[in-house]
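The values are calculated or read from the model by the stated rules, or taken from the named source; none is laboratory data. From a predicted model like this one, the values you see are computed outputs, not experimental measurements. For neighbour counting, all protein chains shown are included, and Cβ atoms are generated from backbone atoms with ideal geometry for every residue, glycine included.
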Amino acid sequence: MKTIIDECGVNNKLYFKKFLDFLYKKFNISQKKEINILFCDADKIKELNKQYRKKNTATDVLSFYGYNDTILGDIAICCEVAKKEAQKAKMNERDFLLFLIAHGFLHLLGYSHDNIKDYEAMIDLQKQILQEWNQL
């Protein structure tokens, strides 16, 4: 099951679910594994970031691993931060949201970016994912 909770009026649930289907297929993840995506405002993500990472600031994306074999995990994305970052990156907002979904998804698969080399590798993989998606 793929659930998308849209608290900020993104209004593209079907599009994002199709992108998740693409990610599941690309990484050979069972369709039975549950994932939840929350599109939220800066206050909500700041609250989550403070609660789970002890950081009292808004961020673009947070990932939370599933707690059993049937749940891949949860991804929270801040629409306000994403919009600002999309402008800085000169990307349209929808593509940048896909970029963040891919980032959160990779974290759920165990990818991390504890150093610059890992960070760059993860960003490159996100870019590759979007290129493949855009070729469909």
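Collect the residues in the range 45-61 that are touching a Lys or Arg at 6+ places or on another chain (Cβ under 6 Å) and surrounded by 13 or more Cβ atoms within 10 Å (Cβ to Cβ), keeping them in residue-number order.
Asn49, Ala58
I'm told Lys18 meets every condition in (1) under 28 Å from Gln131 (Cβ atoms); (2) in contact (Cβ under 8 Å) with a residue 24 or more places away in the chain except one. Can you identify the failing condition by its number?
(2)
For the range 83-118, how many residues meet the condition of being on the phi > 0 side of the Ramachandran plot and either touching a helix residue (DSSP H, G or I) at 6+ places or on another chain (Cβ under 7 Å) or small (Gly, Ala, Ser) (or both)?
Residues meeting the conditions: 1.
If we scan the range 50-57, do we find a residue that is in contact with an Asp or Glu (Cβ under 8 Å, 6 or more places away or on another chain) and at pLDDT 95 or above? Before the answer, list the steps.
Looking only at the range 50-57, we keep the residues that are in contact with an Asp or Glu (Cβ under 8 Å, 6 or more places away or on another chain), and these are none.
Among the residues of the range 50-57, not one is in contact with an Asp or Glu (Cβ under 8 Å, 6 or more places away or on another chain) and at pLDDT 95 or above, which makes the answer no.
Say we look at the range 103-136 and pick out the residues that are part of a helix (DSSP H, G or I) and of a type in the set (Asp, Glu); which of these is nearest to the chain's Cα centre (by Cα)? Steps first, please.
So the first thing to find is which residues in the range 103-136 are part of a helix (DSSP H, G or I), and the list is 103-108, 116-134.
Adding the requirement that they be of a type in the set (Asp, Glu) leaves 118, 120, 124, 132.
Working: Asp118: 17, Glu120: 17, Asp124: 15, Glu132: 17 Å.
It comes out as Asp124.
Which condition from (1) at pLDDT below 95; (2) basic (Lys, Arg); (3) within 28 Å of Met1 (Cβ to Cβ) is the one that Lys44 breaks?
In the conditions (1) at pLDDT below 95; (2) basic (Lys, Arg); (3) within 28 Å of Met1 (Cβ to Cβ), Lys44 misses (1) alone.
Checking Ile71 against (1) surrounded by 18 or more Cβ atoms within 10 Å (Cβ to Cβ); (2) touching a Lys or Arg at 6+ places or on another chain (Cβ under 9 Å); (3) closer than 19 Å to Phe16 by Cβ, which test does it fail?
All conditions pass for Ile71, except number (1).
List pairs: first in the range 95-106 and within 13 Å of Tyr65 (Cα to Cα), second of a type in the set (Ser, Thr, Tyr) and surrounded by fewer than 24 Cβ atoms within 10 Å (Cβ to Cβ), Cβ under 6 Å, 6+ apart or cross-chain?
Close Cβ pairs satisfying both conditions: Gly104/Ser63.
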